Structures are given as C-alpha cells and as structure tokens.
Amino acid sequence: MTNQIIKQRRGLACMSQEDRIRISRLGGIAAHKDGVAHEWNSEQAKDAATKSWANRTWATCNVCGGRTMSKQRRNGGVVCRKCL
Ligand SMILES: [Zn+2]
C-alpha cells in the first residue's frame, strides 16, 4: 500500500474567491446586526492611523534624500526603492 499524502483544500480554501468574500461579508453583517461590530468614528480612525505610522521605521535615502521604509543599503547608507 502506498502512503501517498493527497493535499486537499479544505474549508474556505476550497471555495472560490467570490464565495469567500460573500461569506466574509455575512460575518460582518451579522456582527453589526448583533451590535458587537466595531463602529469607527473619525477620531478613532485618526488615532489608529497615527499609531500605525508611528510603528514604521523611516530612513532617509542616501541618493535622493527622500524618506523611505526601504532597508536596502548601498555605499554605507540607506537607499530607497526608486534609487536602487
Ligand atoms: Zn532615493
């Protein structure tokens, strides 16, 4: 007997993208119906965005002087993606 492992997609992975989107949407709608979904207001959204940006590490590109999140280094300095 061969011990063949057949890789099989299960659950959400065996569905088409449209199906997954449809099902995900149902979850969101249900959460809002139950009143457990998070309701964003502009103040919270601003706060979340600020936090998200604060966690990024910026560097200055050695070539163009622009700000970059790139970790690429060349000639002892950080180089942005455009200047690589
Ligand atoms: Zn640059």
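The values are calculated or read from the model by the stated rules, or taken from the named source; none is laboratory data. Just so you know, these numbers come straight off a predicted model, no measurement behind them. A quick note on method: Cβ atoms are made from the backbone with ideal geometry, for glycine too, and the neighbour counts reach across all protein chains shown.
For the stretch 14-63, the tally of residues that are farther than 27 Å from VAL78 by Cβ and either touching a His at 6+ places or on another chain (Cβ under 6 Å) or polar (S, T, N, Q) (or both) stands at 6.
Taken over the stretch 25-78, the criterion of being within 15 Å of the ligand (Cβ to nearest atom) and among the hydrophobic types (A, V, I, L, M, F, W, C) is satisfied by TRP58, ALA59, CYS61, VAL63, CYS64, MET69, VAL78. For first residues located in the stretch 71-84 and at pLDDT 85 or above, partners that are within 6 Å of the ligand (Cβ to nearest atom) and part of a loop (DSSP other than H, G, I, E, B) and lie 6+ apart or on another chain with Cβ distances below 6 Å form the pairs VAL79/CYS61; VAL79/VAL63; CYS80/CYS61; CYS80/GLY66; CYS83/CYS61; CYS83/VAL63; CYS83/CYS64.
Only one entry of LYS82, LYS46 meets the criterion of being surrounded by 10 or more Cβ atoms within 10 Å (Cβ to Cβ) and part of a loop (DSSP other than H, G, I, E, B), and that entry is LYS82. Figure legend. Inter-residue proximity from the stretch 5-33: first residues without any contact (Cβ under 8 Å) to a residue 40 or more places away in the chain, second residues outside any helix (DSSP H, G or I), beta-carbon distance below 7 Å, spacing 6+ or different chains. Indicated pairs: GLY28/ALA37; ALA31/ALA37.
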